[in-house]
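To start, the structure under review is shown below, and the notes come after it.
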Amino acid sequence: SFDNRVKLVEVGPRDGLQNEKMAIPLATKLELIERLAKSGLSTIEAGSFVSPKWVPQMDNSSDILQHLLEHPPASPNPLTFSFLAPNLKGLNNAFTILAQHPTAFATETAPPTKEKPGLEIAVFASATESFSQKNLNCDIATSLARFKEVIQSAKDTHSLRVRAYLSVVLGCPFEGYDVNPHRVAEIATGLLEMGADEIALGDTTGMGTAPRTKELLNCLRAAGIRNEDIAMHFHDTYGQALVNTAVALEHGIRTFDCSVGGLGGCPYSPGATGNVATEDVVYFMETLGMETGVDLDAVADIGQWITGEIGKENASTVGRAVLGA
Ligand code: HMG
Ligand code: MG
């Protein structure tokens with residue numbers, strides 16, 4: 001029978017907030033995560049173990065991880081929390097917290113429950129050399145060698161699931177549209193061979209279009225990469241994210257990233273705006289008869305609240321419509 005379930009990965013607390021200049025209080029971040037969990041979102045990217053000199057906003061990720069383990073949020077579903085880690089230094093900072101709570105989280109071999117959330121580590125590679133230099137201060141090959149160590153250590157030490165982002169797959173702020181889909185397929189294959197459980201294809205700049213999304217996914221299919229190993233991570237800078245989502249859904253992809261209120265932007269992608277709004281994706285999926293498990297009214301309220309907290313416009317068209325705002 002037709003499986004109409006889609007998995008939404010809420011990246012608001014990480015991608016959504018990482019670029020904000022004002023220091024967002026820890027309590028606000030925790031309230032955001034708790035409210036998202038309650039709304040039915042079961043996978044939430046909660047922080048990032050990167051250099052605080054590069055991304056100061058993510059500096060309290062250790063506190064967030066610790067809080068989530070000590071006080072797992074109430075939720076209708078078992079939860080999984082994801083944290084970025086670009087190198088062993090970042091991973092070991094996460095491990096410091098895990099070592100204090102060795103039985104507080106589920107692992108790949110024991111699935112998440114309501115009492116014990118799952119944890120996931122995310123590495124992030126680039127499809128172009130110039131974006132790799134700007135985002136990671138190293139070339140692609142060097143970054144992949146580091147990710148191999150991170151993936152191995154995450155699995156060997158704590159049996160954690162690992163997501164691997166691949167950024168700028170549909171357009172690069174420095175190299176334009178000239179991103180080779182065969183190179184994307186090659187890097188993605190390498191990351192899967194290292195043990196990554198999922199490739200999240202990042203349209204970092206929002207330059208993706210429907211035909212180029214289709215071309216990319218066809219290229220990955222031809223390279224033998226399975227749809228179930230792919231997630232789409234669309235930024236909505238040019239307003240094409242939902243169209244591209246439709247193309248990917250039609251192609252057979254069932255995992256989509258989104259950010260409540262359309263929050264977000266990448267510090268190393270000038271001018272890029274937020275991810276496609278969670279509210280917009282939930283509504284869109286519902287119109288297609290797809291199941292997200294997410295309460296639309298609840299995420300609309302969260303989007304309105306968090307954008308107000310950080311002094312931004314609510315970028316979700318659906319959110320504003322639902323609220324009559
Ligand atoms: P580097 O300067 O080359 O690193 O940065 P380094 O190894 O030479 O170390 C320099 C200093 O940073 C040292 O400290 C290290 O200890 C420290 P010092 O001795 O000077 O006091 N350091 C760290 N501290 C904390 N956590 C760490 C860490 N690593 C080193 N993990 C590095 C290299 C990768 C660290 C840096 O470039 C970095 O942090 N980059 C992250 C950039 C970032 O977070 N970008 C946004 C996330 S990616 C994104 O948004 C795209 C995505 O959404 C998908 C999409 O949209 O496409 C995922
Ligand atoms: Mg992003």
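Rundown of residues vs (1) of a type in the set (Phe, Trp, Tyr); (2) surrounded by fewer than 17 Cβ atoms within 10 Å (Cβ to Cβ); (3) away from ligand 1 (no atom under 16 Å from the Cβ), yes/no style:
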position	(1), (2), (3)
Ile33	no, no, yes
Gln57	no, no, no
His71	no, yes, yes
Thr80	no, no, yes
Ala85	no, no, no
Glu108	no, yes, yes
Pro117	no, no, yes
Ser126	no, no, no
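Examine the range 135-152 for a residue that is closer than 25 Å to His67 by Cα and either within 16 Å of ligand 2 (Cβ to nearest atom) or touching a helix residue (DSSP H, G or I) at 6+ places or on another chain (Cβ under 9 Å) (or both), and state whether such a residue exists. Can you show your working first?
The initial filter retains those residues of the range 135-152 that are closer than 25 Å to His67 by Cα, namely 150-151.
Filter once more, so that each one left must be either within 16 Å of ligand 2 (Cβ to nearest atom) or touching a helix residue (DSSP H, G or I) at 6+ places or on another chain (Cβ under 9 Å) (or both): 150-151.
Within the range 135-152 (the criterion being closer than 25 Å to His67 by Cα and either within 16 Å of ligand 2 (Cβ to nearest atom) or touching a helix residue (DSSP H, G or I) at 6+ places or on another chain (Cβ under 9 Å) (or both)), the answer is yes, since at least one residue qualifies.
Look at the range 166-178: where a residue is touching a residue at least 40 places away in the same chain (Cβ under 8 Å) and aliphatic (A, V, I, L, M) and a partner is within 12 Å of ligand 2 (Cβ to nearest atom) and assigned to a loop (DSSP other than H, G, I, E, B), sitting 6+ places away or on another chain with Cβ atoms under 9 Å, you get Val168/Thr204; Val168/Thr205; Val168/Ser269; Val169/Thr204; Leu170/Thr204; Leu170/Thr205; Leu170/Gly206.
Looking at the range 265-280 only, could you name the residues that are among the aliphatic types (A, V, I, L, M) and either modelled with pLDDT under 75 or within 10 Å of ligand 1 (Cβ to nearest atom) (or both)?
If we filter the range 265-280 for residues that are among the aliphatic types (A, V, I, L, M), which is where we start, we get 272, 276-277.
Hit for the range 265-280 is Ala272, nothing else.
Working carefully through the options Gly271, Gly239, Gly264, find the one that is under 20 Å from Ala164 (Cβ atoms) and either within 14 Å of ligand 2 (Cβ to nearest atom) or more than 15 Å from the chain's Cα centre (by Cα) (or both).
Details: Gly271 fails: under 20 Å from Ala164 (Cβ atoms); Gly239 fails: under 20 Å from Ala164 (Cβ atoms).
Result: Gly264 is the single residue among Gly271, Gly239, Gly264 that is under 20 Å from Ala164 (Cβ atoms) and either within 14 Å of ligand 2 (Cβ to nearest atom) or more than 15 Å from the chain's Cα centre (by Cα) (or both).
Per-residue answers, yes or no, for (1) under 23 Å from Val55 (Cβ atoms); (2) touching a strand residue (DSSP E or B) at 6+ places or on another chain (Cβ under 6 Å):
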residue: Gly118; (1), (2): no, yes
residue: Asp178; (1), (2): no, no
residue: Leu201; (1), (2): yes, yes
residue: Gly206; (1), (2): yes, yes
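For the range 195-213, which positions are touching a helix residue (DSSP H, G or I) at 6+ places or on another chain (Cβ under 7 Å), under 12 Å from Val123 (Cβ atoms) and not in a strand (DSSP E or B)? Those that are touching a helix residue (DSSP H, G or I) at 6+ places or on another chain (Cβ under 7 Å), under 12 Å from Val123 (Cβ atoms) and not in a strand (DSSP E or B): Gly195, Ala196. For the range 87-99, the set of residues classified as within 20 Å of the chain's Cα centre (by Cα) and either surrounded by 20 or more Cβ atoms within 10 Å (Cβ to Cβ) or of a type in the set (D, E, K, R) (or both) consists of Gly90, Leu91, Ala94, listed by residue number.
Hey, could you check the range 138-148 for residues that are without any contact (Cβ under 8 Å) to a residue 12 or more places away in the chain and not β-branched (Val, Ile, Thr) and say which is farthest from Val179 (Cα to Cα)? Among residues in the range 138-148 that are without any contact (Cβ under 8 Å) to a residue 12 or more places away in the chain and not β-branched (Val, Ile, Thr), the one farthest from Val179 (Cα to Cα) is Ala145.
Residues that are within 30 Å of Ala222 (Cβ to Cβ) and either out of contact with any Gly (no Cβ under 7 Å at 6 or more places or on another chain) or modelled with pLDDT of 95 or more (or both) number at least 3 in the following helices (runs of 4 or more DSSP H) confined to the range 85-187: 129-136, 140-158. Set side by side, the residues Lys21, Lys53 differ, and just one is within 11 Å of ligand 1 (Cβ to nearest atom), free of Cβ contacts under 8 Å to residues at least 40 places away in the same chain and more than 17 Å from Ile121 (Cβ to Cβ), which is Lys53. In this structure, is Leu41 crowded, with 23+ Cβ neighbours inside 10 Å and assigned to a loop (DSSP other than H, G, I, E, B)? Yes; evaluated as a whole, the condition is true for this residue.
Residue check: is Thr245 crowded, with 17+ Cβ neighbours inside 10 Å, under 19 Å from the mean Cα position of the chain (by Cα) and assigned to a loop (DSSP other than H, G, I, E, B)? No; evaluated as a whole, the condition is false for this residue.
Using the structure shown, decide if Val11 is closer than 22 Å to Asp203 by Cβ, within 16 Å of ligand 1 (Cβ to nearest atom) and either buried (at least 24 other Cβ atoms within 10 Å of the Cβ) or of a type in the set (Val, Ile, Thr) (or both). It is true that Val11 is closer than 22 Å to Asp203 by Cβ, within 16 Å of ligand 1 (Cβ to nearest atom) and either buried (at least 24 other Cβ atoms within 10 Å of the Cβ) or of a type in the set (Val, Ile, Thr) (or both).
How many residues, within the range 302-323, are part of a helix (DSSP H, G or I), under 18 Å from Leu242 (Cβ atoms) and of a type outside the set (S, T, N, Q)?
Qualifying residue count for the region: 6.
Just to be sure, is Leu192 hydrophobic (A, V, I, L, M, F, W, C), in a helix (DSSP H, G or I) and away from ligand 1 (no atom under 15 Å from the Cβ)? It is true that Leu192 is hydrophobic (A, V, I, L, M, F, W, C), in a helix (DSSP H, G or I) and away from ligand 1 (no atom under 15 Å from the Cβ).
The values are calculated or read from the model by the stated rules, or taken from the named source; none is laboratory data. Model, not experiment: these values are computed from the prediction. Neighbour counts are summed over all protein chains in view; Cβ atoms, including those assigned to glycine, are modelled from backbone coordinates with ideal geometry.
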